[in-house]
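The values are calculated or read from the model by the stated rules, or taken from the named source; none is laboratory data. Just so it is clear, the model here is predicted, and its values are computed rather than measured. Neighbour counts are summed over all protein chains in view; Cβ atoms, including those assigned to glycine, are modelled from backbone coordinates with ideal geometry. What goes into the accessible areas is simple: the full protein's heavy atoms, side chains included, and nothing from ligands, DNA or RNA. Shrake-Rupley method; radii C 1.70, N 1.55, O 1.52, S 1.80 Å.
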Amino acid sequence: THTDNSDHILIGAAGATVDGFTVERGGDLHFNLAQDGVISAFGAGLYVAEAGADAMRLANCTFRYNNVYNDDGTTRPNTGYGGAIFATNSALEIASCIFEGNSAQQKGGALYLVNPDGAASYDVSISNCVFRSANATRKGSGQMGGGGIWASAGKLAVKDSQFIYCRGGINDLVYGNGGAIYLVPGGDGSDLATVEDSVFTYNQCGSGQGGAIYAGRDMLVEGCTFSQNRCHTRARGGAIFVAAGATADIRRCDFGANSAYQNAHFYTWGMDGNFEQGQGGAIAAEGTVSAKNCVFAGNYSAAEDSRELLSFTTLSPE
């Protein structure tokens, strides 16, 4: 049971280093108003706040099975953020770490990174990391999702990392955007997110947009591979969705067998009729997209009841 586990296994600090540890089975489920100051749950593995620009460093660590969601059947607020790590107003360097099976109720199954609007921005770098085995958000509405990372914090830079089977929303009808990464506006409003030389495979969002990445702010994606990512129900952008007002610069990326498909019984209820066939098997955009030197093969959008006619597991080398 997680109900008697530590709310936060680690409390972060500016300039601290944690190297070579496994942090597991934290469970911030107490919603202790006196202790936490708010009725919420966050950062079961690591909680770091107001550490500023002197980055805390995490290296060669594994964060697994840390949960900030209610799993004991009682009624509690649905405000779980950052299953493994919750960081606000804090610079972070995360290198050669593994995130596995972490869960949050609403935002950031593994990582939740935030700066208040208009505040000074702090850099967060993630390199040579693996997010795998169902890092997930479980339910919610609005700006919910980010099975791997939910970020409005500073100049986020992701490099040489893998995102494998992360989920924004635990099933097809649960709302959640960005199966692997959800980028929302935040910080000082001018921050660029970069994602380089990384692999996104089998990531999914439920009733949402962006099977792998939801871009609510400007981003550069370069040298990445997107394969067999999916979005469901309000299906737009099997691999990437770019929101209105955001710009995505996509370079030297491969998109193969990604899909956006509408859940058939959902659209027969007369809801979201504009999206009933799915939109943008690889990329859908309300904002601006520039794609250069990219390969697109075998991506599709379709209704749920026609997807068995289409293959998203076999991709020809041609």
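Observations
- Summed side-chain charge close to SER127 - residues other than SER127 whose Cβ falls under 10 Å, Lys, Arg +1, Asp, Glu -1: -3
- Net charge of neighbours whose Cβ lies under 12 Å from the Cβ of ALA110, counting Lys and Arg as +1 and Asp and Glu as -1: +3
- FRET efficiency, ASP160 to ASN293 (Cβ-Cβ, R0 30 Å, nearest 0.05): 0.95
- Ordering of 288-298, 100-110, 157-167 by burial proxy (mean other Cβ atoms within 10 Å per residue, highest first): 100-110, 157-167, 288-298
- Accessible area of the range 177-236 belonging to carbon and sulfur atoms, whole % at 1.4 Å probe: 42 percent
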